[in-house]
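The values are calculated or read from the model by the stated rules, or taken from the named source; none is laboratory data. Owing to the predicted nature of the structure, the values given are computational and were not obtained by experimental measurement. Counting neighbours? That spans all protein chains shown, and the Cβs are built from the backbone with ideal geometry, glycine included.
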Amino acid sequence: MQAVLRNPADLDHVRRLTSDDFIYVSLNYDNPELKRIMPWAGTTAGAEGLVQTFKDVFTAWSAEAFETQDSFENADGAAIFGYFTYRSNTLGKTVTSPLSILARSKGGKLSFVQFMEDTFATVRSFRESGTYRIKANPEGPELDV
């Protein structure tokens, strides 16, 4: 996975490192509401989905930091943990989020990658105005965020 991250927007580079049946999960499996805000969210088949995600992400944000803090490997995969700091290109808001990447391999190539972040924080970097009401605690008050 770290080889892919060296040049994730280059389709030829990513194709060399991924299997023909490669699956990429960005943030969730399928969330139409989130996909309206972040079109790359969800599950895609093929290296093209991963590459398009990185192109879209770097259209939306400028990367100020992307750091790996730890990684673990086993026979058929790896997990990477770290953080990133992005600045939204529309509003100039900066956000730092933890990240985790689960990667599976088959036949020496990546066959599955799942990328997770603090989506609540990253979406807020696009929020221009307004609030919404949240009721998370059944015994607590509603919160305007």
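Considering the range 73-98 alone, what residues qualify as being assigned to a strand (DSSP E or B), farther than 18 Å from Arg36 by Cα and touching a residue at least 24 places away in the same chain (Cβ under 8 Å)?
Hits for the range 73-98 are Gly77, Ala78, Ala79, Ile80, Phe84, Tyr86, Arg87, Thr94, Val95, Thr96, Ser97.
Is it the case that the range 42-62 has a residue that's at pLDDT 95 or above, more than 13 Å from the chain's Cα centre (by Cα) and among the polar types (S, T, N, Q)?
Scanning the range 42-62, I find at least one residue that is at pLDDT 95 or above, more than 13 Å from the chain's Cα centre (by Cα) and among the polar types (S, T, N, Q), so the answer is yes.
With the requirement that a residue be surrounded by 13 or more Cβ atoms within 10 Å (Cβ to Cβ), at pLDDT below 95 and of a type in the set (A, V, I, L, M), what does the range 92-145 give you?
Across the range 92-145, the qualifying residues are Ala121, Val123.
I need the full set of residues from the range 5-48 which are farther than 18 Å from Thr119 by Cα and either in contact with a His (Cβ under 6 Å, 6 or more places away or on another chain) or part of a loop (DSSP other than H, G, I, E, B) (or both), in order please.
Hits for the range 5-48 are Arg6, Asn7, Pro8, Ala9, Asp10, Gly46.
Specify which of the listed residues (Val95, Val145) is in contact with a helix residue (DSSP H, G or I) (Cβ under 8 Å, 6 or more places away or on another chain) and hydrophobic (A, V, I, L, M, F, W, C). Working first, answer last.
Working: Val145 fails: in contact with a helix residue (DSSP H, G or I) (Cβ under 8 Å, 6 or more places away or on another chain).
Every option except Val95 fails the conditions.
Give just the number: which of (1) in contact with an Asp or Glu (Cβ under 9 Å, 6 or more places away or on another chain); (2) of a type outside the set (Asp, Glu); (3) not in a helix (DSSP H, G or I) does Val51 not satisfy?
Here Val51 clears every test but (3).
Of all residues being exposed (fewer than 15 other Cβ atoms within 10 Å of the Cβ) and closer than 17 Å to Gly42 by Cα in the range 7-30, which is nearest to the chain's Cα centre (by Cα)? Just the residue, please.
The qualifying residue nearest to the chain's Cα centre (by Cα) is Tyr29.
Looking only at the range 100-121, which residues are of a type in the set (Ser, Thr, Tyr) and either free of Cβ contacts under 8 Å to residues at least 12 places away in the same chain or not in a strand (DSSP E or B) (or both)?
The answer is Thr119, and nothing else.
Assess whether Asp70 counts as being exposed (fewer than 13 other Cβ atoms within 10 Å of the Cβ), of a type in the set (Asp, Glu) and outside any loop (DSSP other than H, G, I, E, B).
Working: exposed (fewer than 13 other Cβ atoms within 10 Å of the Cβ): yes; of a type in the set (Asp, Glu): yes; outside any loop (DSSP other than H, G, I, E, B): yes.
It is true that Asp70 is exposed (fewer than 13 other Cβ atoms within 10 Å of the Cβ), of a type in the set (Asp, Glu) and outside any loop (DSSP other than H, G, I, E, B).
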